[in-house]
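Novice: Would you mind keeping the following structure in view while I ask a few things?
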Amino acid sequence: MDRIDFRSDTVSWPTPAMRQAMANAPIGDDVYGEDPTVNKLEALAAEMVGKEAGLFVASGTMGNLAAILAHGRRGDGATVGNDSHTFRAEAGGMAVLGGIVPNPLPTDLYGRMDLAAVEAAVYPDDPHYPNNRLILVENSYGAKGGYPIEPDYFQQIRHIADQNGLIVHMDGARLFNAAVALNLNPKEITQHVDSVTFCLSKGLCAPVGSVLCGSAEFIQQARRARKLVGGAMRQAGVMAAAGIVALTEMVERLADDHAHAKMLAERLAEMPSLIVQPELVKTNMLYFELAESAPVTPKQFVRRLRDEANIWLSDGYSRRFRAVTHYWIQEADVALFVRTARAILQVEGRCLTR
Ligand SMILES: *Cc1c(COP(=O)(O)O)cnc(C)c1O
């Protein structure tokens, strides 16, 4: 990549192995079910998360939407974190296109809804209320610094769902980051949910796509929902080929991204002008805040990182920043970020990093 881009892991480019696989992929018309590369990706993805079937979709947003449309009907209710991606950052798709009524609940420091609140959110059987239908969970939890939530939380969510006849869908956009950080097989997390979406782009570096996984019957419904929103693709094997490389070659190495994020958080925490909690950094993401006492404004901070070191951070409209690590960010890039930040923030003394 031509820049050191910490804005998101979505900016990651496909690897040379992916470009190669894309060029050589056997393809067919996937709407006829005839693209062997798409079929292979869907089977591989389903196997990795312990589900019967998979569906290749254009984005995580489309995967979550297709899941919700397949699981629910107009007037159904969905309990969901009030800072979750599905509730806050998917254009309200569940309500706009599905007529699903979200019931947003606050989440804790790690992105977990209070279990008693989830239970209390089950509506009484009464015509005043939406139908009880869905619980939507997310792992890792983006709004909480990509925190990887332990499976026992999902087991308890599962229990509440089973007691009340509800379905659980997981937005696992960064499921593999969570699994690697927790040192678990992803199945240990996804065994507690009925369906899961995860991104092949982001940290896994594929240029496009996510996979939605669940039971064969559910995936058949989700395939219809994907068609409904215009997401059925034809020779999609060109993209699925990169997804296969993502799942076979790019998962284990996410640990490097996590180490880089941790390193960055620890070094930034040494600077008096920055407020960081390195202990919360478990995956490839960190939030930090520019203190009021800093010698620069947020906009100046962002501009100088860009001008002086070609390091890219998002906006600078508030004092709070997010930095995300990925395959195209090396340890030397983290060190450059630290050195440049120290210079901009006029931190005195010996630089502890190379
Ligand atoms: C990125 C992301 C998605 C899906 O985003 P797309 O850009 O539509 O692929 C969903 N949930 C979370 C938590 C995400 O970070």
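Novice: Is it the case that the range 99-122 has a residue that's more than 19 Å from the chain's Cα centre (by Cα) and more than 23 Å from Asp162 (Cα to Cα)?
Specialist: Yes - at least one qualifying residue is present in the range 99-122.
Novice: Is it the case that Gly63 is among the small types (Gly, Ala, Ser), outside any helix (DSSP H, G or I) and either within 16 Å of the ligand (Cβ to nearest atom) or out of contact with any helix residue (DSSP H, G or I) (no Cβ under 6 Å at 6 or more places or on another chain) (or both)?
Specialist: Answer is no for this residue.
Novice: Which one is nearest to the ligand (Cβ to nearest atom) among residues in the range 21-59 that are closer than 15 Å to Val196 by Cβ and touching a Lys or Arg at 6+ places or on another chain (Cβ under 8 Å)?
Specialist: Per the stated criteria, the residue is Val57.
Novice: If you don't mind, there's one more thing I want to ask. Looking only at the range 168-185, which residues are of a type outside the set (A, V, I, L, M, F, W, C) and either modelled with pLDDT under 95 or closer than 21 Å to Val281 by Cα (or both)?
Specialist: Asp171, Gly172, Arg174, Asn177, Asn183, Asn185, listed by residue number.
Novice: What are the residues in the range 179-210 that are part of a helix (DSSP H, G or I) and farther than 25 Å from Met1 by Cβ, if any?
Specialist: Once the filter is applied, which keeps residues that are part of a helix (DSSP H, G or I) and farther than 25 Å from Met1 by Cβ, the range 179-210 yields Ala179, Leu182, Pro186, Lys187, Glu188, Ile189, Thr190.
Novice: Between a first residue in the range 113-133 that is more than 26 Å from Glu150 (Cβ to Cβ) and a second residue that is surrounded by fewer than 14 Cβ atoms within 10 Å (Cβ to Cβ), which pairs have beta carbons less than 6 Å apart while being 6 or more apart in sequence or on different chains?
Specialist: Pro130/Gly75; Asn131/Gly75
Novice: Separate question: Hey, could you check the range 69-99 for residues that are within 14 Å of the ligand (Cβ to nearest atom) and charged (D, E, K, R) and say which is farthest from Ala117 (Cα to Cα)?
Specialist: Glu90
Novice: Would the range 216-229 turn up any residue that is surrounded by fewer than 16 Cβ atoms within 10 Å (Cβ to Cβ), among the basic types (Lys, Arg), closer than 20 Å to Asp152 by Cα and in the same structural domain as Gly28 (by TED's automatic domain parsing)?
Specialist: No, the range 216-229 contains no residue that is surrounded by fewer than 16 Cβ atoms within 10 Å (Cβ to Cβ), among the basic types (Lys, Arg), closer than 20 Å to Asp152 by Cα and in the same structural domain as Gly28 (by TED's automatic domain parsing).
Novice: Among the residues that make up the range 313-326, is at least one of them outside the structural domain of Ala143 (by TED's automatic domain parsing), within 30 Å of Thr15 (Cα to Cα), under 19 Å from the mean Cα position of the chain (by Cα) and among the aromatic types (Phe, Trp, Tyr)?
Specialist: yes
Novice: Assess whether Glu34 counts as being free of Cβ contacts under 8 Å to residues at least 40 places away in the same chain and in a loop (DSSP other than H, G, I, E, B).
Specialist: Yes.
The values are calculated or read from the model by the stated rules, or taken from the named source; none is laboratory data. Model, not experiment: these values are computed from the prediction. Positions of Cβ are generated from backbone atoms using ideal geometry, with glycine treated the same way; all protein chains shown enter the neighbour counts.
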